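The values are calculated or read from the model by the stated rules, or taken from the named source; none is laboratory data. Model, not experiment: these values are computed from the prediction. Note that we place each Cβ from the backbone using ideal geometry, even for glycine, and neighbour counts take in every protein chain shown. Just the protein is used for accessible areas: all its heavy atoms, side chains included, with ligands, DNA and RNA removed. Shrake-Rupley method; radii C 1.70, N 1.55, O 1.52, S 1.80 Å.
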Amino acid sequence: MSNKKNIRFDFNNMMPDRVGEEHGLCLADLQKIGAKSKGYMEELLLERAEGKLPFFDLPYQDVSGILKFADGNKGRFENFVVVGIGGSALGNIALQNSLNSLLWNEMSQEDRGGFCRIYVPDNVDPEYFGGLLEHLDPRRTLFNIISKSGATAETSAQFLIIRKRLEESVGRSFKDHICVTTDKKGGLLRKIVDAEGYENFLVPDGVGGRFSVLSPVGLLSAAMAGIDIQGLLDGAAAMDARCKAVDIFKNPAMMNAALQYLFDVNKGKRISVMMPYSNALRDMADWYRQLWAESLGKRFALDGSEVFCGPTPVKALGTTDQHSQVQLYVEGPNDKVFTFLVAENFRKELPIPSVYKDIEGIDYLGGHTMNELMNAEQKATAFALASSRRPNCSVVFPEISPFTVGQFIYMYEVSTAFAGKLYGINPFDQPGVEEGKLATFALMGRKGYEEKAREMEEWGKSAKDRWVI
Ligand code: PA5
C-alpha cells in the first residue's frame, strides 16, 4: 500500500441535515467563521514567518543526528526508557503504540529487527517505577532523560534514582547509559549535561512540551524503535501544505478548530470526546487530551479579561467504550462533540470463521473480517449519535503509517494554535500548572520556597477532622 495517502476530515455528521438545526452548524455558520478565520490564519502565518512559532517548521528539520545515534546504538541496548512527563512523554507513547506492534516489548530482539523495547514510565508511582527498574537489566538499558525546563520534579527524581542505580550496577560507564534531551540553555539539566558530558539532544527554542513530539523529544525514542521518522516528518510537511490555505473549506486544521470552537461557545457542547476505533491510535487520543486541555483551558484572554474558557477533552476507545460510555453519549446530556479516528485499513486482516451454521445469531459474522466488524461498529455509533442529534466527525486514516500519523499530529497542533486565536487566549503557556508545581517544591523542602511551605502548613492545619469520615 502506498505511504503517500492523505488523511481526511469528514464533518458531515455535524451539519443540520444529519443532526438537526438546533444541534448542527449550517453553511452560513461556517462561512461566517471562515471569513473571520482568514485573518487569524494570516496572523499565524505572519507569526510563523517571524520565527515566533517554531513548532510549525519541525517537519523540515535535519534528523541525521538522531538517525546516526539510533543506528550507532542498535544492538548495543535492548531497552530504551523515556524519562519524562506530559509533553515529554505522551507523544512518545502515541508514536510507539501507533506505529509499532502493541506487543513490541514482548517480541524477541530478532523480531524487533534489533531495535529497542520502549518504556515510558511517566509517573512517580514508586511501585510502578521501582518495579520497572527491578525488571530491566541496567547493562542493556539506555535512559533518555527528557525535560525542556530541566526542573520538573517527577523527571528529576527519576533521573536521580536512575543515575545512582546505574553507578551501583555498571560503575564508571554509567554515563553511556544516559542521554538527555533538554533546552539549549538555562535549565538545570543543561548544567548537569555540561558538567558530566552526557550525549544530548535539543528541545528546539520556543517549542513547548506538548508541541514537541516531532522534535528530538519524540523522534529519538521513535528512531530507537525503528520507526521511520523521516516518513513522519514528510506526513507533517504534507499536512503543512494543506494547513497554509486561508480558505476554511480547504484547511482541515482550521475547519476542525472552528467547528470545535462553535460547538463549545454557541451550542453548549463543552466536552470534546476523541474516540479512536483502533487500539493503535488509542494513545493519540491521550496525546490530544493534553494538547487541547493545557493549551485551551485558560482563565485569562490575551486582553487580560477573565474568560475561564476551554472545552474538556475526553478520550474513549471504540469498540471497548461502546460497552461503557456510549449509553451516556447517546442518551445523556447533549453537551458533547465527538471525533472518531477511523482506520480504513488495518495492518492485519482477521477473517471470522463460520462455525455454527445452524445458529444464525452468531453465524452472520462468519465470512466477514474483524476489520469489517470494527468499521461497521464505528459507522453504527456515528449513526446512533447523529440520530439522537449528537454532532460527530471523523478523521479517516487510509492506513496507519508514519506518513498519516505525521499528518494527524501536525493537523492537531495547527488546529490548537488556531483555536487559541478563536478563543483569544495564549495556547502556548500553562500558568495553571505552576501553582501545583510551586506547592510541590515547597512540600519537598526546596530552597527559596519557604514562604509557600508556611502557607501550605497553615492550609494543612485548617483541615477539620469532622470533614473526614
Ligand atoms: O506541554 C507542556 O509544556 C508540559 O506538559 C510539559 O511538557 C511537562 O510539564 C514537562 O515539562 P518539562 O519537559 O519541562 O519537564
Under Karplus coefficients 6.51, -1.76 and 1.60, residue-wise ³J(HN,Hα) of the stretch 403-416 in Hz, glycine/proline x:
5, 6, 5, x, 5, 4, 4, 5, 4, 6, 5, 5, 4, 5
Going through the stretch 302-359, which trypsin sites (Lys or Arg not before Pro) have at most 15 other Cβ atoms within 10 Å and a DSSP loop state?
Arg347, Lys348, Lys357
Can you tell which of Asn97, Cys179, Leu189 lies farthest toward the positive end of the dipole of the chain, using +1 and -1 charges on the Cβ of basic and acidic side chains (Lys, Arg; Asp, Glu)?
Leu189
Taking r as the C-beta separation of Lys244 and Lys185 and R0 as 30 Å, the FRET efficiency to the nearest 0.05 is 0.45
What's the long-distance tail for the stretch 182-326, i.e. % of Cα pairs beyond 22 Å?
58 percent
Between Gln327 and Glu450, what is the label-point separation in nm under the 7 Å Cα-to-beta-carbon projection?
5.7 nm
Please identify the GluC sites (Glu not before Pro) of the stretch 105-134 that satisfy two criteria: DSSP loop assignment and at most 12 other Cβ atoms within 10 Å. Which are they?
Glu110
Assuming 0.36 nm per residue, please report the length gained on full extension of the stretch Asp363 to Val170 beyond their Cα-Cα distance.
63.6 nm
How much of the accessible area of the stretch 62-203, in percent, comes from carbon and sulfur atoms when a 1.4 Å probe is used?
51 percent
The ³J(HN,Hα) series, computed from each phi in the stretch 451-458 with the Karplus coefficients 6.51, -1.76 and 1.60 at θ = phi - 60°, rounded to the nearest Hz and given as x for glycine or proline, is 4, 4, 4, 5, 4, 5, 5, 4
The long-range amide H neighbours of Cys179, using H built 1.01 Å from N in the peptide plane and a cut-off of under 5 Å, are Phe143, Asn144, Ile145
What value, in deg cm²/dmol to 500, does the helix sum -39500 (n - 2.57) over DSSP H runs of n ≥ 4 give at 222 nm once divided by the residues of the chain?
-14500 deg cm²/dmol
Treating the Cα atoms of the stretch 62-203 as identical point scatterers in vacuum, please give the log10 of the normalised Debye intensity I(q)/I(0) at q = 0.11, 0.21 Å⁻¹, two decimals.
-0.39, -1.59
Computed from the mean reciprocal separation of all distinct C-alpha pairs, what Kirkwood hydrodynamic radius does the chain have, in Å?
24.0 Å
Over what distance in Å are the Cα centres of the stretch 223-268 and the stretch 58-73 separated?
24 Å
What whole-number distance in Å separates the alpha-carbon centres of the stretch 337-379 and the stretch 86-145?
31 Å
Averaged per residue, what accessible surface does the chain expose to a 1.4 Å probe, in Å²?
47 Å²
Trypsin sites (Lys or Arg not before Pro) within the stretch 64-169: which are DSSP loop residues with at most 12 other Cβ atoms inside 10 Å?
Arg76
Using Cα pairs closer than 8 Å and at least 6 residues apart in sequence, work out the relative contact order for the chain, in percent.
22 percent
In order through the stretch 93-102: 3J(HN,Hα) via Karplus (6.51 cos²θ - 1.76 cosθ + 1.60), integer Hz, x for Gly, Pro:
5, 5, 5, 4, 6, 7, 10, 10, 4, 5
Normalized C-alpha radius of gyration of the stretch 430-469, against 2.2 N^0.38 Å?
1.37
